[in-house]
Amino acid sequence: MEQQNRVEITMESRSVNEQFARMAVAAFIAPLDPSVSELTDIKTAVSEAVTNAIIHGYEHTPGEVRLSLSCEGRCLTVEVSDDGAGIENIPDAMQPLFTTKPELERSGMGFTVMENFMDEVRVISEKGKGTAVVMKRKLS
């Protein structure tokens, strides 16, 4: 029987919580003994997703970001979701260098980073109702 585990964390949409999310996912997968490369990749993808929720989902208004982690065997699923602004055009938003915040010097590479570091990235969003980014990674 494969090992299963699940954790849900709700945090305020504050930039200081991006680091907390990185540490939470690292602690969650530690029992699976990931490689340094796997750990770095996953933490970076989570960081990008949480940062997007804070900056694009809520902008300057308070809100909550949810981090859901689950593991079945060696397959990790991470979901980062918010109830913020939502994404009007997901295919455009996922294009490299696309940004709606050039004044904040955003690179527009968040989704590209997530896609490069995770095995699967799915974005579900509705304008005005929020966004969920579901990422999966099979650990070696």
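Laboratory data are not the source of any read-out in this text; all were calculated from the coordinates shown. For clarity, every value in this text was computed on a predicted model and none was experimentally measured. All Cβ positions, glycine included, derive from the backbone under ideal geometry; neighbour counts span all protein chains shown.
Mean-square fluctuations from a GNM of the chain, with a 10 angstrom spring cutoff on Cα atoms, peak among Ser13, Ser35, Ser70 at Ser35.
Here's how it looks for Gly84: its modeled amide H is under 5 Å from those of Gly130, Thr131, which are all 5 or more places away or on a different chain.
Rounded to the nearest 500, the 222 nm mean residue ellipticity of the chain from helices alone is -9000 deg cm²/dmol, with -39,500 (n - 2.57) taken per DSSP H run of at least 4 residues. With Cα atoms as the point set, the radius of gyration and Dmax of region 4-138 evaluate to 14.0, 43 Å. Our summary gives the chain a relative contact order of 27 percent, counting only alpha carbon pairs under 8 angstrom and 6 or more residues apart. Comparing Gly110, Gly63, Gly128 in a Gaussian network model of the chain, where Cα atoms under 10 Å apart are tied by springs, the biggest mean-square fluctuation is seen for Gly128.
Karplus-derived 3J(HN,Hα) values for region 35-49, using 6.51 cos²θ - 1.76 cosθ + 1.60 with θ = phi - 60°, are 5, 4, 5, 4, 4, 4, 4, 5, 4, 5, 5, 5, 4, 4, 5 Hz; glycine and proline are entered as x. Between region 121-140 and region 24-67, the alpha-carbon centres lie 12 Å apart. The long axis of helix 16-29 is offset from the longest Cα principal axis of the chain by roughly 20 degrees. Exposure proxy ranking for Lys129, Lys136, based on other Cβ atoms within 10 angstrom of each Cβ and starting from the fewest, stands as Lys129, Lys136. Between Val36 and Asn89, the C-beta separation translates, for a Förster distance of 35 Å, into a calculated FRET efficiency of about 0.45. In terms of other Cβ atoms within 10 Å, Thr112, Thr61 run from fewest to most in the order Thr61, Thr112.
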